[in-house]
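Chemist: Before we start, here is the structure in question, set down as structure tokens.
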Amino acid sequence: MASKINSPISRRNFMKISGAAAAGAALGGRSQVLHAMAADKAAQLSDGERKIFSACDMCFNKCGIIARVDKSGNIRKLDPNPNYLKSRGMLCARGNAGVAQLYDPDRLKHPLLRQGERGEGKWRQISWDEALDLAAEKLKTIGEKYTRCGFMFMAGTDLQSTFVHRFAEVYGSYNVLSHESNCLISRNRAFLDTFGIVPIPDTLNCKYIIMPGANRFEALVTPDSMDIVTAMQNGAKLVVLDPRYTKTAALASEWHAIRPGTDMAFFLAVMHVLINEKLYDEKFVAEMTFGFEKLRDHVQQYSPQWAEQECEIAANDIVRMARELAAAAPAAMVYPGRRSSDYEDSTQIRRSYAIVNALLGNWDRTGGMMLPHKIKVGTIPYDAPFYDNNPDDRVDAERAKMMFDEEGSFKHTRDAVIEGKPYPIKGWFTYKTNPMQTGANRNKTIEMINKLDFMITVDITMSDTAWMADLVLPAPSYLEREDPVSSFQGSSACSGVTIRNPIVPAMYESRPLFDIVKALAQRLELGEYFDFTIKDYRAAQLKKLPEVAAAIEKEGVYNEPGVEPGRHKGKPFRTVSQKIELFNQRYPDKGIDPMPVYRAPKKAPSGHFRLVVGRNAYITQSSSTNNVILHQLQPENSLWIHPKAARQLGISYGDRVEVASPVGKGQLAARVTDEIRSDTVYMDSGFGALSKGLSNVYGKGASNAEIIEDYADEVSGNMAMHETFVTVKKIQAARS
Ligand SMILES: Nc1nc2c(c(=O)[nH]1)N[C@H]1C(S)=C(S)[C@@H](COP(=O)(O)OP(=O)(O)OC[C@H]3O[C@@H](n4cnc5c(=O)[nH]c(N)nc54)[C@H](O)[C@@H]3O)O[C@H]1N2
Ligand SMILES: Nc1nc2c(c(=O)[nH]1)N[C@H]1C(S)=C(S)[C@@H](COP(=O)(O)OP(=O)(O)OC[C@H]3O[C@@H](n4cnc5c(=O)[nH]c(N)nc54)[C@H](O)[C@@H]3O)O[C@H]1N2
Ligand code: SF4
Ligand SMILES: [Mo]
């Protein structure tokens, strides 16, 4: 297999397209990263048009938008906010398609109560009063019968999700889940347990980036996605390790089709070279790190020649890359990535990234791992009541070795609910999250839901999760909502505060989450905890920040200039040793290896492929595949399979194939391509919807959430979605 592809032509083209950035780069400072085109576009308002600042919500990035509203109050277009430093004056394809989400005929319009069996799709339209009375009664009766922890809550990424947490706390349940245990908690665990904090990569000023298991030019994270392009224009080298030839791989300086699950072998060998060739930052390591001697001895077993057998990247390439990293240090990094819901040892894999960064001495230095910075906004404080009959802990406690209490683990909570252990959970409230499509092993999610007495879902469309609920409540989209302000860390190059303003009035009978939990709290005699409006809340947030308040009023955003290196100087790290822990001192007590120990990934049984997960630039997890504009760009998903493997199975491009794992299966078209390893297959997420309320994506393609088995990272409880092996067989030939 060709493990390395250079693609100078596509890279040149890409640079041409983003030429505006190059013009800015010469100016330095803030204009270095702003894309000048946006400003002109935003300025061109036609007669009678108004512009309103807000923040995109087609994914978690919250890029700055200026909505153009016509005389009759309809949104004509969403423009990027040129002054919004985090998004570098840009909106992606999904951001541009936001209007189609607002005016989607599939929007939920009224509260709906289930009539037939769960998932049968029979609903009765009810009034809000009836819906809220019923929801409050269920919260009361389930809370009384099973304790208040018998009702669980789950909220996706959103500025109003904070009110789900607040409601759960005052209601009395600690069983609150976020989307994060299906996303990035093993990365957070790893960096926290190394640096005592999750650092921010200074991609803009970096000279050498190794990017393992991330796809930043498709899986957009602002501003990293744009800053890496700028850094490359300024001469930085980007090395991508990915079993697929992603768009990021295509634009990178170098791509290596690493064997899935072996990144730790690669990085242990990089440590081997850095240490044995004395290329690490000796002064930094001596002063700032703990456990170097132990690490030095530990990595002797992991030579580049050994690693080559595991990760299938040539030993001399590993040595070369280690040397190149060291030569560029401290403006060199292993990019920490984001989603790490991959393997059972994902925390340890990401620890190996963190440790290489520490050896490079890139902490708190230009082009390296920076101390994060967020502007502290205020809140309306409260003291939650104490309920003395509640169990001692979360239902998923102790199921992983070092879980985050605030995030929990979707995988472990679901197991606990199915088992009814250590105590029963009978109610579920979900807001803006779709675990039916984003939690691995969909049939198990259905099994859990069938154990519940009552499930409430707040969404904007009939998602697969809403489809399984008992009560479905319609919410306004981000273009109709007033949210609390949000303070964000946009990278080393900026942080700021943004607002989300309603651009059009809430459509149909939709009601914002805040109004829903406030009304429920009132019915449960907890009204005092929500005795305010969103406006009051915003005012409390900005009470001590008049400058911020003025800027967001005027420009839709408050930008804070970049984080300067050296901010951490002289401060202790928040670890046991108060240093960067190459050897983690808390781990042994928890039964965790204090330094990453390589365990080869499971081998695929004969005739099986490893299935890996990811996304592309049109898709936000499961939530944009029904959007009519994005649906036209990508109507269904396909199975990436290597020509060699396809040939053995008699599969040609476009043939319909069935992909099956021990827990589920799906049918979709084969995309025979050498852009993937021959032992691995891939499909985009968010397709194969069960809900007939999603008229574009219902029944289109396959749902990888159905097929992926539910393993978990042993340390953090993060879902581990790359541990599944599947079979592939041809069902029907492509029509020629
Ligand atoms: N199969 C698979 N699973 C994955 C991933 C994957 O790539 N593939 N990725 C993982 C990652 S990294 C993450 S972060 C998680 C994310 O997982 P989720 O939190 O489930 O995110 P989405 O899939 O975007 O689902 C968001 C839901 O919110 C609804 N929604 C959108 N806007 C609004 C709104 O304004 N108000 C309300 N009330 N609802 C709204 C959408 O209709 C959708 O049902 O998924 C994880 N799981
Ligand atoms: N367009 C778009 N942008 C997004 C999102 C979105 O849904 N759509 N979601 C946002 C969110 S919530 C997140 S968390 C981030 C996620 O962004 P990323 O963290 O970049 O995650 P993925 O896109 O899931 O990409 C992971 C890559 O890892 C590869 N891979 C699989 N197994 C291995 C392995 O063993 N080793 C290596 N080296 N690579 C492997 C996969 O092929 C895939 O290309 O994106 C964010 N940005
Ligand atoms: S990356 Fe795209 S979808 Fe996400 S917030 Fe920015 S413009 Fe919106
Ligand atoms: Mo994520």
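The values are calculated or read from the model by the stated rules, or taken from the named source; none is laboratory data. Owing to the predicted nature of the structure, the values given are computational and were not obtained by experimental measurement. Positions of Cβ are backbone-derived with ideal geometry, glycine not excepted, and every protein chain shown enters the neighbour counts. Side chains are part of the model used for accessible areas, which takes the heavy atoms of the whole protein and leaves out ligands, DNA and RNA. Shrake-Rupley method; radii C 1.70, N 1.55, O 1.52, S 1.80 Å.
Here's the yes/no breakdown for (1) more than 27 Å from Leu295 (Cβ to Cβ); (2) open to solvent by less than 10 Å² (accessible area, probe 1.4 Å):
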position: Ser186; (1), (2): no, yes
position: Phe191; (1), (2): no, yes
position: Phe195; (1), (2): no, yes
position: Pro212; (1), (2): no, yes
position: Pro223; (1), (2): yes, yes
position: Ala249; (1), (2): yes, yes
position: Ala269; (1), (2): no, yes
position: Leu274; (1), (2): no, yes
position: Lys278; (1), (2): no, no
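Chemist: Over 15 Å from the mean Cα position of the chain (by Cα) and modelled with pLDDT of 95 or more: which single residue out of Ala214, Ala231 fits that description?
Modeler: On the way: Ala214 fails: over 15 Å from the mean Cα position of the chain (by Cα).
Exactly one residue qualifies, and that residue is Ala231.
Chemist: Could you list all residues from the stretch 133-167 that are away from ligand 1 (no atom under 16 Å from the Cβ), of a type outside the set (D, E, K, R) and touching a Lys or Arg at 6+ places or on another chain (Cβ under 9 Å)? Spell out the reasoning first.
Modeler: So in the stretch 133-167, the residues away from ligand 1 (no atom under 16 Å from the Cβ) come out as 133-134, 136-151, 166.
From what is left, the residues that are of a type outside the set (D, E, K, R) are 134, 136, 139, 141-143, 146-147, 149-151.
Within the stretch 133-167, Ala136, Leu139, Ile142, Tyr146, Cys149, Gly150, Phe151 qualify.
Chemist: While we're on this one: For the structure I just gave you, tell me whether Ser685 is open to solvent by less than 10 Å² (accessible area, probe 1.4 Å), assigned to a loop (DSSP other than H, G, I, E, B) and within 16 Å of ligand 4 (Cβ to nearest atom).
Modeler: no
Chemist: Which residues, taken from the stretch 76-114, are away from ligand 1 (no atom under 15 Å from the Cβ) and either under 13 Å from Met507 (Cα atoms) or of a type in the set (Lys, Arg) (or both)?
Modeler: Those that are away from ligand 1 (no atom under 15 Å from the Cβ) and either under 13 Å from Met507 (Cα atoms) or of a type in the set (Lys, Arg) (or both): Arg76, Lys77, Lys86, Arg88, Arg114.
Chemist: What residue, of Asn83, Asn96, is within 16 Å of ligand 2 (Cβ to nearest atom) and either more than 26 Å from Ser487 (Cα to Cα) or among the polar types (S, T, N, Q) (or both)?
Modeler: Values: Asn83 fails: within 16 Å of ligand 2 (Cβ to nearest atom).
One residue alone meets the criteria, Asn96.
Chemist: From the list Thr457, Thr465, exactly one residue is part of a helix (DSSP H, G or I), closer than 18 Å to His179 by Cβ and open to solvent by less than 10 Å² (accessible area, probe 1.4 Å). Which is it?
Modeler: Thr465
Chemist: Would you say Ile516 is at pLDDT below 95 and of a type in the set (Val, Ile, Thr)? If you could, list the steps in order and put the result at the bottom.
Modeler: Numbers: at pLDDT below 95: no; of a type in the set (Val, Ile, Thr): yes.
Spelling it out, it is not the case that Ile516 is at pLDDT below 95 and of a type in the set (Val, Ile, Thr).
Chemist: Just to be sure I understand, how many residues within the stretch 563-576 are open to solvent by less than 30 Å² (accessible area, probe 1.4 Å) and either farther than 28 Å from Glu398 by Cβ or over 29 Å from the mean Cα position of the chain (by Cα) (or both)?
Modeler: Counting residues in the stretch 563-576 that are open to solvent by less than 30 Å² (accessible area, probe 1.4 Å) and either farther than 28 Å from Glu398 by Cβ or over 29 Å from the mean Cα position of the chain (by Cα) (or both) gives 2.
Chemist: Residues being part of a loop (DSSP other than H, G, I, E, B), among the charged types (D, E, K, R), open to solvent by 10 Å² or more (accessible area, probe 1.4 Å) and under 18 Å from Gly607 (Cα atoms): count how many of those fall in the stretch 665-682.
Modeler: 1
Matching residues to (1) modelled with pLDDT under 95; (2) in the same structural domain as Lys692 (by TED's automatic domain parsing); (3) out of contact with any helix residue (DSSP H, G or I) (no Cβ under 9 Å at 6 or more places or on another chain):
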| site | (1), (2), (3) |
| --- | --- |
| Asp453 | no, no, no |
| Asp459 | no, no, no |
| Asp464 | no, no, no |
| Ala469 | no, no, no |
| Leu473 | no, no, no |
| Leu479 | no, no, no |
| Pro484 | no, no, no |
| Ser491 | yes, no, no |
| Asn501 | yes, no, yes |
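Chemist: Only one of these conditions is not met by Ser225: (1) touching a residue at least 24 places away in the same chain (Cβ under 8 Å); (2) under 17 Å from Gly614 (Cα atoms). Which number is it?
Modeler: Just one mismatch for Ser225, condition (1).
Chemist: Something else now. Return the total of residues in the stretch 578-616 being within 16 Å of ligand 1 (Cβ to nearest atom), touching an Asp or Glu at 6+ places or on another chain (Cβ under 7 Å) and at pLDDT 95 or above.
Modeler: So the count comes out to 1.
Chemist: For the stretch 246-339, please list each of the helices (runs of 4 or more DSSP H) lying entirely inside it that holds at least 2 residues being touching a helix residue (DSSP H, G or I) at 6+ places or on another chain (Cβ under 7 Å).
Modeler: Filter on the stretch 246-339 gives 247-251, 263-276, 292-298, 304-311, 315-328.
Chemist: Look at Asp57 and say whether it is away from ligand 2 (no atom under 16 Å from the Cβ) and either at pLDDT 95 or above or open to solvent by 20 Å² or more (accessible area, probe 1.4 Å) (or both). Please lay out each step first, then the result.
Modeler: Values: away from ligand 2 (no atom under 16 Å from the Cβ): no; either at pLDDT 95 or above or open to solvent by 20 Å² or more (accessible area, probe 1.4 Å) (or both): yes.
So Asp57 does not fit the description; no.
Chemist: Just the residues that are more than 9 Å from ligand 3 (Cβ to nearest atom) and surrounded by fewer than 20 Cβ atoms within 10 Å (Cβ to Cβ), please, taken from the stretch 72-98.
Modeler: Ser72, Gly73, Asn74, Ile75, Arg76, Lys77 - these are the residues of the stretch 72-98 that are more than 9 Å from ligand 3 (Cβ to nearest atom) and surrounded by fewer than 20 Cβ atoms within 10 Å (Cβ to Cβ).
Chemist: So, one more: When you go through (1) modelled with pLDDT under 95; (2) open to solvent by less than 30 Å² (accessible area, probe 1.4 Å); (3) closer than 27 Å to Ile534 by Cα one by one for Asn175, which number turns out not to apply?
Modeler: With (1) modelled with pLDDT under 95; (2) open to solvent by less than 30 Å² (accessible area, probe 1.4 Å); (3) closer than 27 Å to Ile534 by Cα applied to Asn175, the lone miss is (1).
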